[in-house]
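Input: a single structure, listed below in structure tokens.
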Amino acid sequence: MKRLPPLAALHTFLVTAQCCNFTRAAQQLHLTQGAVSRQIAGLEAHLGYALFVRQARGLSLTREGQDWLPRVQQVFGLIEEGVQQVGAQRATLQLKAPTCVMRWLLPRLMEWQALRPDVPVELTTTVQHGVDFRREGFDAAVVYGAAPNHGLQVLKLFDEQLTPVCAPQLQLRALEDLERHMLLHPARDANDWSTWLTAAGVVLPRQGRRQHFETLDMAMAMASQGTGVAIGDWALIGDDLASGRLVMPFDLRVKTGKGYYLVRPPRPAAPGLMALLEWLCAQAGDADSTQ
């Protein structure tokens, strides 16, 4: 059974299909034009066919893209309708989190909703790694970076630990084998790979091609298809490792000094909020003890 495409990529497709222009779509999505183009290319690679015809003055939908558009519109219409209906019925916890933690967080929030339908959660994703509760109306947030120390109530999820991952069929046996493969970067800079290679004491004089992505999710998706070797955060890709979609060819995990934290403002917690935050921390602890 083929894996479903990422929801974020489908949303980008929907907006781009309505605009038929990468620039206007990027403005509506608050992304760069390059990020929109890469998300569409990643979605097309996932599906195995083109959705747009690239033209000098814009875009047009392929036959497959025309078939996809009404279906995607229907899906997001149902999501919007559900949000409105559920929101009208009960108070919903507002949670903010960076996109880089979605691979870990989203499955657990779905499990939480099955366990505690009486404590619904609305998740807002962002490329930002922090939160400003003075200007943002969230009940809590996941933040990435150094330990917060600005008067917030803080619960630690886990440390960032970098390690290379790849599809099982690549069969890397020695560090030098990295020279034969494309290195996949989950960000525009190469800091994660540089940090890990330095800790491993490895210099790759003949590094192969490199590919940069806007999100960890896109890098892991390409790695699982055997495209190359990605550098990932061990805690965030535990589900991929457990399922066998990805493997760790080397044992070394490098802590960067950064981590993921649950934070909330220093005010009385909304009903059910502490139960949610403590449950997420327990999930992080269970994952750390079993992987």
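The values are calculated or read from the model by the stated rules, or taken from the named source; none is laboratory data. Owing to the predicted nature of the structure, the values given are computational and were not obtained by experimental measurement. Positions of Cβ are backbone-derived with ideal geometry, glycine not excepted, and every protein chain shown enters the neighbour counts. Areas reflect the complete protein model, heavy atoms only, side chains present, ligands, DNA and RNA absent. Shrake-Rupley method; radii C 1.70, N 1.55, O 1.52, S 1.80 Å.
In this structure, does GLU122 turn out to be in a strand (DSSP E or B) and either in contact with a helix residue (DSSP H, G or I) (Cβ under 8 Å, 6 or more places away or on another chain) or not small (Gly, Ala, Ser) (or both)? It is true that GLU122 is in a strand (DSSP E or B) and either in contact with a helix residue (DSSP H, G or I) (Cβ under 8 Å, 6 or more places away or on another chain) or not small (Gly, Ala, Ser) (or both).
Going residue by residue through the range 34-44, is there one that turns out to be over 28 Å from ALA223 (Cβ atoms) and at pLDDT 90 or above?
Narrowing the range 34-44 to residues over 28 Å from ALA223 (Cβ atoms): none.
Looking through the range 34-44, none of the residues is over 28 Å from ALA223 (Cβ atoms) and at pLDDT 90 or above.
The number of residues in the range 234-274 being within 30 Å of ARG134 (Cβ to Cβ) and surrounded by 14 or more Cβ atoms within 10 Å (Cβ to Cβ) comes to 16. The residue list VAL165, VAL127, VAL142 contains one member that is on the phi < 0 side of the Ramachandran plot, assigned by the TED database to the domain that holds LEU277 and touching a Ser or Thr at 6+ places or on another chain (Cβ under 9 Å), which is VAL127. Looking only at the range 203-223, residues that are at pLDDT 80 or above and farther than 23 Å from GLU176 by Cβ come to 3 in all. Restricting attention to the range 141-170, the residues that are part of a loop (DSSP other than H, G, I, E, B) and exposed (fewer than 13 other Cβ atoms within 10 Å of the Cβ) total 5.
Selection over the range 116-126 of residues that are open to solvent by 40 Å² or more (accessible area, probe 1.4 Å) and either free of Cβ contacts under 8 Å to residues at least 40 places away in the same chain or hydroxyl-bearing (Ser, Thr, Tyr) (or both) gives a count of 5.
Which residue is most open to solvent (accessible area, probe 1.4 Å), if the candidates are limited to the range 128-140 and must be in contact (Cβ under 8 Å) with a residue 24 or more places away in the chain and under 22 Å from the mean Cα position of the chain (by Cα)? Show your work before the answer.
Applying the first criterion (in contact (Cβ under 8 Å) with a residue 24 or more places away in the chain) to the range 128-140 yields 128-129, 131, 133, 136-140.
Okay, now just the ones that are also under 22 Å from the mean Cα position of the chain (by Cα), so 128-129, 131, 136, 138-140.
Working: GLN128: 102, HIS129: 84, VAL131: 35, GLU136: 46, PHE138: 29, ASP139: 38, ALA140: 2 Å².
Of everything passing the filter in the range 128-140, GLN128 is most open to solvent (accessible area, probe 1.4 Å).
Answer with yes or no whether ARG173 is of a type in the set (D, E, K, R) and either under 29 Å from GLN39 (Cα atoms) or crowded, with 20+ Cβ neighbours inside 10 Å (or both). Spelling it out, it is not the case that ARG173 is of a type in the set (D, E, K, R) and either under 29 Å from GLN39 (Cα atoms) or crowded, with 20+ Cβ neighbours inside 10 Å (or both).
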